[in-house]
Amino acid sequence: GFNNAVANRVLAKVGQRVPANIDPGHDLTDYVATTLGDRYDALLPRMQGNLDGKFLNDVDAVKNAARGGTIPDEQFNRLNDLIKTQILDKAYQAGGTLDGPTVKGIQEQLGDLSTGLRSDPSFDNRTLGKYVGQLRDAVNGMLERSNPQLAPELRKTNAAYADYVKLRTAQKAVTGDNAFTPKQYQ
């Protein structure tokens with residue numbers, strides 16, 4: 001029951017529930033992932049991302065905070081390369097406007113990188129992970145500003161996905177296809 005309650009709390013953010021025939025464990029986690037993936041697949045082709053002045057200012061703010069002496073040159077250069085290759089180059093190749101699936105790919109890459117870096121044993125890499133997360137937040141804000149009519153639906157789906165990540169992490173802590181415990185979820 002606990003696993004279903006967690007999954008239903010995630011899906012409630014997007015007006016959905018887990019069907020009664022879905023068993024706890026990987027089936028449940030996969031069902032939530034598929035449901036959210038379907039929502040993104042329906043939403044993102046209708047969106048685009050425009051590199052507006054606010055976005056460029058947000059990127060500069062992240063760079064300035066990082067440059068403020070909080071990370072060494074190696075991590076700062078990595079952050080700059082990431083901004084250039086994963087955001088700016090893609091946007092300029094597309095004439096300054098990114099389609100929704102491209103933006104989602106950028107978001108996923110930045111999110112995965114941020115998560116990985118934040119668990120790195122190196123303090124400098126963990127700090128870089130924080131800045132990569134802020135960069136991802138700037139991309140999210142740009143996408144919402146570029147699509148004001150779809151922004152509420154995107155915010156709900158992003159919030160559900162953030163909660164899904166916690167569910168997925170708890171499921172990964174389980175041996176086999178068993179249900180996760182409240183302690184594992186915590």
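The values are calculated or read from the model by the stated rules, or taken from the named source; none is laboratory data. Here the structure is a predicted model, which means the values were calculated and not measured. When we count neighbours, we look across all protein chains shown, and the Cβ atoms used for this are built from the backbone with ideal geometry, even at glycine. Accessible surface areas use protein heavy atoms only, side chains included; no ligands, DNA or RNA. Shrake-Rupley method; radii C 1.70, N 1.55, O 1.52, S 1.80 Å.
See the values below:
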{"quantity": "Cα gyration tensor of the range 122-186 - equivalent ellipsoid semi-axes, whole Å, descending", "calculated": "29, 20, 7"}
{"quantity": "The range 66-168: C-alpha gyration tensor shape, a/c 1.5 cut-off, then a/b vs b/c", "calculated": "oblate"}
{"quantity": "Residue among 180, 152, 133 farthest towards the positive dipole end of the range 80-186, charges placed on Cβ", "calculated": "180"}
{"quantity": "Eligible aspartates and glutamates near residue 84 by straight Cα distance, threshold 20 Å, same-chain separation 8 or greater", "calculated": "52, 58, 60, 73, 74, 99, 108, 112, 137"}
{"quantity": "Solvent-accessible area per residue for the range 34-186 (1.4 angstrom probe, square angstrom)", "calculated": "51"}
{"quantity": "Relative intensity, log₁₀ I(q)/I(0), of the range 86-132 from a Debye sum that treats every alpha carbon as a point, q = 0.14, 0.17 Å⁻¹", "calculated": "-0.41, -0.55"}
{"quantity": "Within a Gaussian network of the chain (alpha carbon springs, distance under 10 Å), most fluctuating of 114, 146, 122", "calculated": "122"}
{"quantity": "Accessible-area value, residue 185, 1.4 Å probe, nucleic acids and ligands omitted, Å²", "calculated": "40"}
{"quantity": "Mean Cα-pair separation over length for the chain, i.e. relative contact order, pairs under 8 Å, 6 or more apart, %", "calculated": "33"}
{"quantity": "Cβ-placed point charges (K, R +1; D, E -1), dipole of the range 9-168 about Cα centre in debye, nearest 20", "calculated": "440"}
{"quantity": "Carbon plus sulfur fraction of accessible area for the chain, probe 1.4 Å, in percent", "calculated": "50"}
{"quantity": "Over the chain, equivalent-ellipsoid semi-axes from the Cα gyration tensor in Å", "calculated": "32, 22, 12"}
